[in-house]
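Input: a single structure, listed below in C-alpha coordinates.
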Amino acid sequence: FLPHLVASLEQVEQTYVMVKPDGVQRGLVGEIISRFERKGFKLTGLKLFQCPKELAEEHYKDLKAKAFYPSLIDYITSGPVVCMAWEGVGVVASARKLIGSTDPLQAEPGTIRGDLAVQTGRNVIHGSDSPENGKRETALWFKEGELCEWTPVQAPWLRE
Ligand code: UDP
Ligand code: MG
(Lines give C-alpha, C1' and ligand atoms only; values in the text may rest on other atoms or scores of the structure.)
(Ligands and ions follow the chains in the order given, each with its own letter.)
Protein backbone atom coordinates (compact mmCIF):
# COMPACT_ATOMS: atom_id res chain seq x y z
CA PHE A 1 0.00 0.00 0.00
CA LEU A 2 2.98 2.31 0.49
CA PRO A 3 3.48 3.46 -3.13
CA HIS A 4 -0.19 4.43 -3.33
CA LEU A 5 0.09 6.37 -0.10
CA VAL A 6 3.15 8.23 -1.38
CA ALA A 7 1.44 8.95 -4.72
CA SER A 8 -1.65 10.31 -3.01
CA LEU A 9 0.54 12.72 -1.04
CA GLU A 10 1.96 14.22 -4.23
CA GLN A 11 0.56 17.66 -4.79
CA VAL A 12 -0.93 18.63 -8.13
CA GLU A 13 0.33 22.16 -8.76
CA GLN A 14 -0.67 24.92 -11.16
CA THR A 15 1.71 27.29 -12.85
CA TYR A 16 1.24 30.38 -14.95
CA VAL A 17 3.41 30.51 -18.08
CA MET A 18 3.38 33.39 -20.53
CA VAL A 19 5.03 33.94 -23.90
CA LYS A 20 6.06 37.59 -23.66
CA PRO A 21 5.52 40.08 -26.54
CA ASP A 22 8.97 39.41 -28.06
CA GLY A 23 8.20 35.67 -28.22
CA VAL A 24 4.92 36.38 -30.01
CA GLN A 25 6.54 38.89 -32.41
CA ARG A 26 9.37 36.47 -33.19
CA GLY A 27 6.98 33.62 -34.04
CA LEU A 28 8.07 31.40 -31.14
CA VAL A 29 4.60 30.63 -29.75
CA GLY A 30 4.29 27.14 -31.30
CA GLU A 31 7.86 26.18 -30.41
CA ILE A 32 7.37 27.21 -26.78
CA ILE A 33 3.95 25.59 -26.29
CA SER A 34 5.30 22.45 -27.92
CA ARG A 35 8.07 22.07 -25.34
CA PHE A 36 5.52 22.01 -22.49
CA GLU A 37 3.15 19.73 -24.40
CA ARG A 38 5.88 17.19 -25.12
CA LYS A 39 7.02 17.19 -21.49
CA GLY A 40 3.62 15.86 -20.45
CA PHE A 41 1.98 18.53 -18.35
CA LYS A 42 -1.72 19.31 -18.71
CA LEU A 43 -2.80 22.53 -20.40
CA THR A 44 -5.79 24.03 -18.58
CA GLY A 45 -5.86 27.55 -20.05
CA LEU A 46 -4.61 29.28 -23.22
CA LYS A 47 -5.22 32.67 -24.83
CA LEU A 48 -3.66 35.49 -26.88
CA PHE A 49 -4.08 38.65 -24.85
CA GLN A 50 -3.14 42.34 -24.89
CA CYS A 51 -2.16 43.00 -21.28
CA PRO A 52 -3.45 46.25 -19.75
CA LYS A 53 -0.91 48.34 -17.79
CA GLU A 54 -2.75 47.79 -14.46
CA LEU A 55 -2.53 44.00 -14.81
CA ALA A 56 1.19 44.13 -15.68
CA GLU A 57 1.75 46.30 -12.58
CA GLU A 58 -0.18 43.86 -10.36
CA HIS A 59 1.66 40.84 -11.80
CA TYR A 60 5.09 42.41 -11.21
CA LYS A 61 4.21 44.36 -8.02
CA ASP A 62 7.09 42.74 -6.05
CA LEU A 63 9.55 44.37 -8.50
CA LYS A 64 8.13 47.89 -8.21
CA ALA A 65 11.25 49.27 -6.48
CA LYS A 66 13.64 47.96 -9.20
CA ALA A 67 15.24 50.35 -11.69
CA PHE A 68 14.09 48.15 -14.60
CA TYR A 69 10.42 48.13 -13.46
CA PRO A 70 9.13 50.90 -15.80
CA SER A 71 10.79 49.31 -18.84
CA LEU A 72 9.51 45.87 -17.74
CA ILE A 73 5.92 47.20 -17.69
CA ASP A 74 6.44 48.83 -21.13
CA TYR A 75 7.85 45.54 -22.46
CA ILE A 76 5.02 43.32 -21.17
CA THR A 77 2.33 45.69 -22.50
CA SER A 78 4.09 46.37 -25.85
CA GLY A 79 2.09 43.74 -27.78
CA PRO A 80 0.03 40.61 -27.30
CA VAL A 81 1.20 37.86 -24.95
CA VAL A 82 0.17 34.19 -24.89
CA CYS A 83 -1.17 33.21 -21.47
CA MET A 84 -1.03 29.57 -20.42
CA ALA A 85 -2.05 27.64 -17.32
CA TRP A 86 -0.36 24.25 -16.84
CA GLU A 87 -1.12 21.65 -14.21
CA GLY A 88 0.71 18.64 -12.80
CA VAL A 89 2.81 17.17 -10.03
CA GLY A 90 5.99 19.22 -9.81
CA VAL A 91 4.96 21.52 -12.67
CA VAL A 92 6.17 24.75 -11.05
CA ALA A 93 9.84 23.81 -10.62
CA SER A 94 9.88 21.78 -13.82
CA ALA A 95 8.52 24.69 -15.88
CA ARG A 96 11.24 26.94 -14.42
CA LYS A 97 13.83 24.36 -15.53
CA LEU A 98 12.39 24.21 -19.04
CA ILE A 99 12.45 28.02 -19.12
CA GLY A 100 16.03 28.48 -17.83
CA SER A 101 17.78 31.30 -15.96
CA THR A 102 16.43 34.85 -16.05
CA ASP A 103 19.51 36.03 -17.99
CA PRO A 104 19.43 34.14 -21.32
CA LEU A 105 23.25 34.31 -21.56
CA GLN A 106 23.45 32.32 -18.31
CA ALA A 107 20.61 29.95 -19.25
CA GLU A 108 21.68 26.43 -20.20
CA PRO A 109 21.42 25.26 -23.81
CA GLY A 110 18.31 23.15 -24.10
CA THR A 111 16.24 25.60 -22.06
CA ILE A 112 13.84 28.01 -23.74
CA ARG A 113 15.81 31.13 -22.78
CA GLY A 114 19.12 29.35 -23.40
CA ASP A 115 18.08 28.39 -26.91
CA LEU A 116 15.92 31.31 -27.98
CA ALA A 117 17.01 34.57 -26.31
CA VAL A 118 20.06 36.76 -25.63
CA GLN A 119 19.04 39.46 -23.11
CA THR A 120 17.26 39.61 -19.73
CA GLY A 121 15.04 42.47 -20.94
CA ARG A 122 13.84 40.30 -23.87
CA ASN A 123 13.78 36.82 -22.33
CA VAL A 124 10.64 35.63 -24.19
CA ILE A 125 8.83 33.82 -21.38
CA HIS A 126 7.51 34.00 -17.83
CA GLY A 127 6.93 31.16 -15.37
CA SER A 128 5.64 31.30 -11.78
CA ASP A 129 8.35 30.84 -9.14
CA SER A 130 6.35 28.95 -6.46
CA PRO A 131 3.13 26.90 -6.16
CA GLU A 132 1.57 29.82 -4.26
CA ASN A 133 2.42 32.28 -7.04
CA GLY A 134 1.29 29.69 -9.60
CA LYS A 135 -2.19 29.80 -8.10
CA ARG A 136 -2.15 33.57 -7.62
CA GLU A 137 -0.99 34.32 -11.17
CA THR A 138 -3.34 31.80 -12.81
CA ALA A 139 -6.26 33.48 -11.02
CA LEU A 140 -4.93 36.92 -11.95
CA TRP A 141 -4.62 36.26 -15.71
CA PHE A 142 -7.58 33.92 -16.29
CA LYS A 143 -11.27 34.39 -15.51
CA GLU A 144 -13.04 31.32 -14.12
CA GLY A 145 -14.81 30.22 -17.33
CA GLU A 146 -11.51 30.41 -19.27
CA LEU A 147 -9.95 27.38 -17.54
CA CYS A 148 -10.84 23.80 -18.55
CA GLU A 149 -11.07 20.72 -16.37
CA TRP A 150 -10.34 17.71 -18.59
CA THR A 151 -8.56 14.38 -18.67
CA PRO A 152 -6.01 13.95 -21.49
CA VAL A 153 -6.22 10.49 -23.10
CA GLN A 154 -2.48 10.07 -22.53
CA ALA A 155 -2.80 10.45 -18.73
CA PRO A 156 -2.31 6.72 -17.91
CA TRP A 157 0.81 6.68 -20.15
CA LEU A 158 2.44 9.58 -18.32
CA ARG A 159 2.10 8.47 -14.71
CA GLU A 160 1.79 4.93 -13.34
N1 UDP B 1 14.13 41.77 -15.58
C2 UDP B 1 14.86 42.77 -16.21
N3 UDP B 1 16.10 43.12 -15.70
C4 UDP B 1 16.60 42.51 -14.60
C5 UDP B 1 15.85 41.51 -13.97
C6 UDP B 1 14.63 41.16 -14.48
O7 UDP B 1 14.42 43.33 -17.21
O8 UDP B 1 17.72 42.87 -14.18
C9 UDP B 1 12.82 41.39 -16.13
C10 UDP B 1 12.90 40.09 -16.95
O11 UDP B 1 11.98 40.21 -18.04
C12 UDP B 1 12.44 39.05 -15.95
C13 UDP B 1 11.36 39.84 -15.18
O14 UDP B 1 11.90 41.15 -15.09
O15 UDP B 1 11.94 37.88 -16.58
C16 UDP B 1 11.02 39.31 -13.83
O17 UDP B 1 12.18 39.19 -13.07
P18 UDP B 1 12.44 37.90 -12.17
O19 UDP B 1 13.63 38.17 -11.32
O20 UDP B 1 11.16 37.51 -11.48
O21 UDP B 1 12.87 36.78 -13.27
P22 UDP B 1 12.09 35.51 -13.81
O23 UDP B 1 11.27 34.95 -12.68
O24 UDP B 1 11.24 35.94 -14.97
O25 UDP B 1 13.19 34.57 -14.26
MG1 MG C 1 9.89 35.88 -11.41
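The values are calculated or read from the model by the stated rules, or taken from the named source; none is laboratory data. As the structure is a prediction and not an experimental result, all values here were calculated from the model. Ideal geometry is used to build each Cβ from the backbone, glycine not excepted, and the neighbour counts take in all protein chains shown. These area figures cover heavy atoms from the full protein model, side chains too; ligands, DNA and RNA do not enter into them. Shrake-Rupley method; radii C 1.70, N 1.55, O 1.52, S 1.80 Å.
Data table
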read-out	value
Amide N proximity, the range 123-146 versus Leu48 label position 7 Å along Cα-to-Cβ, cut-off under 12 Å	none
Fraction of accessible area attributable to carbon and sulfur, the chain (%, probe 1.4 Å)	56
Spin-label pair Glu37/Ala67, simplified geometry with 7 Å Cα→Cβ offset, distance in nm	4.2
Proximal aspartates and glutamates relative to Lys97, as straight alpha-carbon distance under 12 Å, when same-chain residues fewer than 8 apart are discounted	Glu108, Asp129
Top of Phe49, Phe41, Phe68 by mean-square fluctuation, Gaussian network on the chain, Cα under 10 Å	Phe68
Most mobile listed residue (Ala117, Ala85, Ala139) in the chain, GNM with C-alpha springs under 10 Å	Ala139
Pairwise label distance in nanometres, Glu58 with Arg122, each label 7 Å out on the Cα-Cβ vector	3.0
Residue among Glu132, Glu149, Glu87 with the largest mean-square fluctuation in a Gaussian network model of the chain, springs linking Cα atoms under 10 Å	Glu149
Debye log10 I(q)/I(0) for the range 1-98, one point scatterer per Cα, at q = 0.19, 0.21 Å⁻¹	-0.98, -1.11
Cut-off under 5 Å, modelled amide H: who pairs with Arg122 long-range	none
0 to 90° range, to nearest 10: angle between helix 131-141 axis and the chain longest Cα axis	60
Residue-normalised accessible area of the range 9-160, expressed per residue, 1.4 Å probe, Å²	57
